[in-house]
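All remarks here apply to the structure that follows.
The values are calculated or read from the model by the stated rules, or taken from the named source; none is laboratory data. Computed from a predicted structure; not experimentally measured. Cβ placement follows ideal geometry from the backbone for every residue including glycine, while neighbour counts extend to all protein chains displayed. What goes into the accessible areas is simple: the full protein's heavy atoms, side chains included, and nothing from ligands, DNA or RNA. Shrake-Rupley method; radii C 1.70, N 1.55, O 1.52, S 1.80 Å.
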Amino acid sequence: QVQLVESGGELVQPGGSLRLSCVASGRTFNTPHRAWFRQAPGKEREFVAAINSGGLRTVYTESVKGRFAISRDRAQNTVYLQMNSLKPEDTAVYYCAASRNSMSSYADDYDYWGQGTQVTVSS
């Protein structure tokens, strides 16, 4: 089992920045790949970014390229999502996910999920 706990979500003005954190515990060596997804009210969960086990490969959804950055600290079992130039359409619950096999953009490929952290972008 792997437990994932997200933090860092809050209310921020448009153009502002936030850094989300996801701390993993348990049998983390079995699920080396990490990702962030988000779900806005009334919408399906969507892929945001993923990072591979070594931290050298990343992938992003088009709408966040150049604004968001995913990174990881393997010693701390923590994955981060730095979010800059935030827009109201970034408002959502952000979820951390862990995968055994790949840094996929498909939610079904992930084995463990956190409870989520709310990000609200509003003036």
How many of the residues making up the stretch 44-66 are open to solvent by 30 Å² or more (accessible area, probe 1.4 Å) and within 13 Å of residue 94 (Cα to Cα)?
3
Restricting attention to the stretch 1-19, which residues are modelled with pLDDT under 95 and part of a loop (DSSP other than H, G, I, E, B)?
1
Show the residue pairs meeting these rules: Cβ distance below 7 Å; 6+ apart or different chains; first residue within the stretch 73-95 and over 23 Å from residue 29 (Cα atoms); second residue open to solvent by 60 Å² or more (accessible area, probe 1.4 Å) and outside any strand (DSSP E or B).
83/17; 84/17; 86/14; 86/17; 87/14; 88/14
For the stretch 109-122, how many residues meet the condition of being at pLDDT below 95 and surrounded by fewer than 16 Cβ atoms within 10 Å (Cβ to Cβ)?
1
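Step by step: first the residues of the stretch 21-43, then only those that are in a loop (DSSP other than H, G, I, E, B) and of a type outside the set (Lys, Arg), then the one that is most open to solvent (accessible area, probe 1.4 Å). Which residue is that? Steps first, answer last, please.
Just the residues of the stretch 21-43 that are in a loop (DSSP other than H, G, I, E, B), to begin with: 27, 31-32, 40-43.
Cutting the leftovers down to of a type outside the set (Lys, Arg) gives us 31-32, 40-42.
On the way: 31: 0, 32: 28, 40: 26, 41: 118, 42: 93 Å².
Taking the candidates together, the pick is 41.
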Restricting to the stretch 80-108, and then to whatever is aromatic (Phe, Trp, Tyr) and under 15 Å from residue 52 (Cα atoms), can you tell me which residue is modelled with the lowest pLDDT?
106
Answer yes if at least one residue in the stretch 67-84 is buried (at least 18 other Cβ atoms within 10 Å of the Cβ) and touching a helix residue (DSSP H, G or I) at 6+ places or on another chain (Cβ under 8 Å), and no otherwise.
yes
Quick check: anything in the stretch 96-104 open to solvent by 30 Å² or more (accessible area, probe 1.4 Å), among the hydroxyl-bearing types (Ser, Thr, Tyr) and touching a residue at least 60 places away in the same chain (Cβ under 8 Å)?
yes
